2 protein chains.
Amino acid sequence: MIQIRKLDSTAIDFQETLDALLAFEAETDFAIEQAVTGIIAQVRARGDEAVVEYTNKFDRIPNGGAADLQAFEIGQAELDAALAALPDTQRAALQTAAERIRVFHERQKQELQGFTYTEADGTILGQRITPLDRVGIYVPGGKAAYPSSVLMNAIPAKVAGVGEIVMVVPTPDGIKNQMVLAAAAIAGVDRVIGIGGAQAVAALAYGTESIKPVDKIVGPGNAYVAAAKRRVFGAVGIDMIAGPSEILVVCDGTTDPDWVAMDLFSQAEHDELAQAILLCPDADYIAQVEASIQKLLPTMPRQETIRTSLTDRGALVKVRSMEEACEIANAIAAEHLEISAEEPQQWADRIRHAGAMFLGRFSSESLGDYCCGPNHVLPTSRTARFSSPLGVYDFQKRSSVIQVSEAGAQTLGKIAAELAYGEGLQAHARSAELRLKP
Amino acid sequence: MIQIRKLDSTAIDFQETLDALLAFEAETDFAIEQAVTGIIAQVRARGDEAVVEYTNKFDRIPNGGAADLQAFEIGQAELDAALAALPDTQRAALQTAAERIRVFHERQKQELQGFTYTEADGTILGQRITPLDRVGIYVPGGKAAYPSSVLMNAIPAKVAGVGEIVMVVPTPDGIKNQMVLAAAAIAGVDRVIGIGGAQAVAALAYGTESIKPVDKIVGPGNAYVAAAKRRVFGAVGIDMIAGPSEILVVCDGTTDPDWVAMDLFSQAEHDELAQAILLCPDADYIAQVEASIQKLLPTMPRQETIRTSLTDRGALVKVRSMEEACEIANAIAAEHLEISAEEPQQWADRIRHAGAMFLGRFSSESLGDYCCGPNHVLPTSRTARFSSPLGVYDFQKRSSVIQVSEAGAQTLGKIAAELAYGEGLQAHARSAELRLKP
């Protein structure tokens, strides 16, 4: 039996209880911060040599470790071989997923084309979109190595037109995850290096003798990697530092309760801190979902993780109505929001904040995690209030373009000078005034 | 006489010298970090009371300070009065600038409409764009209070459709900058509170009894404000932490050298750390610009700041060709790039990285700073390699929309299950498989 928290939105202390349940603040571990600071300084000072030393040590590279960074290169032939060696069904699944991800992200690229317009006096204004030159993708090694993450991080960069995509992936004990290498081959990663940790982040950010510095680093990692990304931010761009994964299911009580139970499990199985919450106006249905949870949990290989996650951070919430469920969903601003209901669009229209919305009972989050096409890197911990899924736009940037005509300089120059004098910036004013005709 | 550094791109140590000149790393001041951590903790624990205490103290509020936060509210009537009291030319200039900024940012909004498409089996995929609910705008008080910054930060938020825009602006010694209040009236800021510093950032991020928490905080501030923004990032979104401002002028030698000298001054007058660099293939022209600098500097009210900035961080660089100038400009990835040349578009086509490009000799940066329309909040310190001007998109976020049809669930479910089993995530696989028809 698993004890899962049951809440009722009519309870006086509901808001307080919900806030406590949602609260998650990543702790700052000063020992990690300190270690990472040291590693970055060493890599900046000693380049390849430091990267090799740290990698040999932290990843327990066998046979006394590698002699140089060259030894960690994983060449195109090796990637292709990994792809060729996959079971046919797995290779086909990866390829179809990649193609669908590519199609969705091409739509993102089409949307962002930049613009330009010419004013009556000939002044031209616009916005130009250009891809990043070079991007680093961090892929965790070992058990948490997910080929789907390689696709989700690399394909948007590729679609954006990034000049060079460099992937780093640690090979603990010298072991390479073949499915990850196959995914790199499919995604068209330009270079793969078998290094990881803060040393790989530092090498990507600042460059070494054999690694050119990149402009942005994306991808998930452990606490050392997250700390290193925070630390190098500014020298390079980074993606969001992800918190624990979350699912919020808003259900009108018409979906098979086994399906909803399994959807909650699929989030909870990620890790003990993952959060799975159900909002439903139907108390009887909630009881059915709970029964499904009790029935299905013993069948799950990762049941211990699921149990801890659901017990510590999960909840089944009885709400007054689907309208109220949508209000609560906006406050939660979940990473994944399933609206498992008849005519889901009516409820989706009420949602302002969610990383990804899964509408209707056939749209399980797991389909989106792998192969629908939209990205599975999504804002966690209520950051969907202000941030977006990873996308092509994360690998592009905008530049304003301003071409003022001689006539334009006459009208704009007077306005600029007036405001510049008002702000006490006389060189700004004079610079505008010099362009005025006498 | 001012000594300004002269470089030649053919020198053996040119790259090294340039790199050293460009290098800028914001130092971490642990005393500031510690003070800010304490202030934020106090505001989270004691709300309004702490904000009032800190404000009375740090801003030297007269008459023994304010009794409550209500006393710091600056109501709509006061904003309107400030606008009405401006000299006519200044009010007209602010209004015209605001209108032009609005028009440009409306174009940004038009570009980003989201999309949706339906696949053959009825599966619907899309991306929805929604505005942020509530945004905080930080405006510095005292001497560095710039009404143009109020327009540049608030108008994109307004155009995006942000529900509520809350502006905080400290009033040192109780003095309110009337031009800033007038700009707030024009921009349509919803609420103005006369508080600042880390305490204002904390109040916006976490909320107090009388301030609702916002979703994002933007706008420039001193080292305490920057530290506080970094610290609250995650709980709320923030804009980039700006480094010193920079201008790079690429000139073919056909622009009046006085104009180029004044354009360099207009950046250098901002602060001693500002950076102004000229790239030009014509040595004689560089000498003319230097003569203009010597001639014009004594006429500038802010000549001491300009002198320090140009001496410490400026340079006049002789390059081999305009082509090489463009290459160097890409490596510098300047915040402001002026291409002061005949037929500037041919050179603009070679530029990959710049916050804003000013094309042709009439496009002085100062016009863009105030009234061309594009934003003047731009990526500094080479971050234009991976980031963009502030824009409407900073006040919007995207949500993926996934509505899988029953038929779609059959094909996608098999792919997702295959990949999920490959990653050892069985609940993911089962969740997809439950939707398969028997």
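The values are calculated or read from the model by the stated rules, or taken from the named source; none is laboratory data. Note that the coordinates shown come from a computational prediction; the quantities given were computed from them, not determined experimentally. Glycine gets a Cβ as well: all are built from the backbone with ideal geometry, and neighbour counts include every protein chain shown.
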Specify which of the listed residues (A:GLU99, A:GLU106, A:GLU119, A:GLU78) is farther than 26 Å from A:ALA227 by Cβ and outside the structural domain of A:PRO172 (by TED's automatic domain parsing).
A:GLU119
When residues of the range B:57-75 are filtered for being within 17 Å of B:SER210 (Cα to Cα) and under 29 Å from the mean Cα position of the chain (by Cα), how many remain?
5
If the requirement is being more than 27 Å from B:ILE402 (Cβ to Cβ) and either at pLDDT below 95 or at the interface with chain B (Cβ under 9 Å from one of its Cβ atoms) (or both), which of these qualifies: A:GLY197, A:GLY207, A:GLY126?
A:GLY126
I'd like the residue in the range A:97-122 that is in contact with a strand residue (DSSP E or B) (Cβ under 7 Å, 6 or more places away or on another chain) and β-branched (Val, Ile, Thr) and, out of all such residues, is nearest to the other protein chains (Cβ to nearest Cβ).
A:THR116
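I need a count of the residues in the range B:335-350 that are surrounded by 24 or more Cβ atoms within 10 Å (Cβ to Cβ) and either more than 10 Å from every other protein chain (Cβ to nearest Cβ) or part of a loop (DSSP other than H, G, I, E, B) (or both).
At the first step, the residues of the range B:335-350 found to be surrounded by 24 or more Cβ atoms within 10 Å (Cβ to Cβ) are B:335-340.
Cutting the leftovers down to either more than 10 Å from every other protein chain (Cβ to nearest Cβ) or part of a loop (DSSP other than H, G, I, E, B) (or both) gives us B:335, B:340.
Matching residues across the range B:335-350 total 2.
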What number goes with the only condition from (1) polar (S, T, N, Q); (2) in contact with a helix residue (DSSP H, G or I) (Cβ under 8 Å, 6 or more places away or on another chain); (3) under 23 Å from B:GLY391 (Cβ atoms) that B:GLN110 does not pass?
(2)
Checking B:VAL401 against (1) at the interface with another protein chain (Cβ under 7 Å from one of its Cβ atoms); (2) under 14 Å from A:SER399 (Cβ atoms), only one condition comes out false. Which one?
(2)
I'd like the full set of residues that are more than 12 Å from every other protein chain (Cβ to nearest Cβ), within 15 Å of B:ILE193 (Cβ to Cβ) and without any contact (Cβ under 8 Å) to a residue 60 or more places away in the chain, limited to the range B:134-159.
B:ALA154
Looking at B:ARG430 and the list (1) surrounded by 22 or more Cβ atoms within 10 Å (Cβ to Cβ); (2) facing chain A (nearest Cβ under 7 Å); (3) under 44 Å from the mean Cα position of the chain (by Cα), which single condition is not satisfied?
(3)
Based on this model, can you work out whether A:ALA92 counts as of a type outside the set (Val, Ile, Thr), over 17 Å from the mean Cα position of the chain (by Cα), assigned by TED's automatic domain parsing to the domain that holds A:ARG230 and farther than 28 Å from B:TYR393 by Cβ?
yes
Of the residues in the range B:245-274, those that are facing another protein chain (nearest Cβ under 10 Å), in contact (Cβ under 8 Å) with a residue 40 or more places away in the chain and among the small types (Gly, Ala, Ser) come to B:SER266, B:ALA268
For B:ASP173, the lone unmet condition from (1) more than 14 Å from chain A (Cβ to nearest Cβ); (2) in contact (Cβ under 8 Å) with a residue 60 or more places away in the chain; (3) touching a strand residue (DSSP E or B) at 6+ places or on another chain (Cβ under 8 Å); (4) not hydrophobic (A, V, I, L, M, F, W, C) is (3)
Suppose the filter is closer than 24 Å to A:ASN153 by Cβ and either aliphatic (A, V, I, L, M) or within 9 Å of chain B (Cβ to nearest Cβ) (or both); does A:ILE277 pass it?
no
Given the criterion modelled with pLDDT of 95 or more, surrounded by 22 or more Cβ atoms within 10 Å (Cβ to Cβ) and assigned to a strand (DSSP E or B), identify the matching residue among B:PHE358, B:PHE362.
B:PHE358
Examine the range A:414-423 for a residue that is of a type in the set (Phe, Trp, Tyr), in a helix (DSSP H, G or I) and either more than 7 Å from chain B (Cβ to nearest Cβ) or on the phi < 0 side of the Ramachandran plot (or both), and state whether such a residue exists.
yes
Residues that are of a type outside the set (D, E, K, R), out of contact with any strand residue (DSSP E or B) (no Cβ under 8 Å at 6 or more places or on another chain) and not in a loop (DSSP other than H, G, I, E, B), drawn from the range B:44-76:
B:ALA45, B:ALA50, B:VAL51, B:VAL52, B:TYR54, B:THR55, B:ASN56, B:PHE58, B:GLN70, B:ALA71, B:GLN76
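B:THR380 - would you say it is out of contact with any Phe, Trp or Tyr (no Cβ under 7 Å at 6 or more places or on another chain), surrounded by fewer than 23 Cβ atoms within 10 Å (Cβ to Cβ) and not in a strand (DSSP E or B)? First the steps, then the outcome.
Working: out of contact with any Phe, Trp or Tyr (no Cβ under 7 Å at 6 or more places or on another chain): yes; surrounded by fewer than 23 Cβ atoms within 10 Å (Cβ to Cβ): no; not in a strand (DSSP E or B): yes.
Against the criterion (out of contact with any Phe, Trp or Tyr (no Cβ under 7 Å at 6 or more places or on another chain), surrounded by fewer than 23 Cβ atoms within 10 Å (Cβ to Cβ) and not in a strand (DSSP E or B)), B:THR380 does not qualify.
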Which condition number does A:LEU367 fail, the rest of (1) under 18 Å from A:LEU21 (Cα atoms); (2) assigned to a helix (DSSP H, G or I); (3) of a type in the set (A, V, I, L, M) being met?
(1)
Does at least one position in the range A:298-310 carry a residue that is buried (at least 24 other Cβ atoms within 10 Å of the Cβ), in contact with a Lys or Arg (Cβ under 9 Å, 6 or more places away or on another chain) and within 30 Å of B:LYS212 (Cα to Cα)?
no
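Checking the conditions here, which among B:VAL103, B:VAL150 is hydrophobic (A, V, I, L, M, F, W, C) and surrounded by 23 or more Cβ atoms within 10 Å (Cβ to Cβ)?
Just a single option satisfies the conditions, and that option is B:VAL150.
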Starting from the range B:373-392, take each residue that is farther than 24 Å from A:THR411 by Cβ and not assigned by TED's automatic domain parsing to the domain that holds B:ARG100 and list its partners that are surrounded by fewer than 24 Cβ atoms within 10 Å (Cβ to Cβ) and acidic (Asp, Glu), counting only C-beta distances under 7 angstrom and pairs at least six apart or across chains.
B:ARG385/A:ASP133; B:LEU390/B:ASP239
Counted residues, the range B:67-76 - those being under 13 Å from B:THR171 (Cβ atoms) and surrounded by fewer than 19 Cβ atoms within 10 Å (Cβ to Cβ):
2
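Could you please find all residues in the range B:109-137 being outside any strand (DSSP E or B) and not basic (Lys, Arg)?
First pass over the range B:109-137, keeping only residues outside any strand (DSSP E or B): B:109-114, B:119-123, B:132-133.
Result: B:GLN110, B:GLU111, B:LEU112, B:GLN113, B:GLY114, B:GLU119, B:ALA120, B:ASP121, B:GLY122, B:THR123, B:LEU132, B:ASP133.
Can you go through B:LEU94, B:LEU79 and tell me which one is part of a helix (DSSP H, G or I), surrounded by 13 or more Cβ atoms within 10 Å (Cβ to Cβ) and within 14 Å of another protein chain (Cβ to nearest Cβ)?
Working: B:LEU79 fails: within 14 Å of another protein chain (Cβ to nearest Cβ).
Answer to the check: B:LEU94.
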Within the range B:1-60, count every residue that is free of Cβ contacts under 8 Å to residues at least 60 places away in the same chain and either aromatic (Phe, Trp, Tyr) or in contact with a His (Cβ under 6 Å, 6 or more places away or on another chain) (or both).
2
Quick check: is even one residue across the range A:294-306 touching a His at 6+ places or on another chain (Cβ under 7 Å), farther than 30 Å from B:ALA354 by Cβ and more than 8 Å from every other protein chain (Cβ to nearest Cβ)?
no
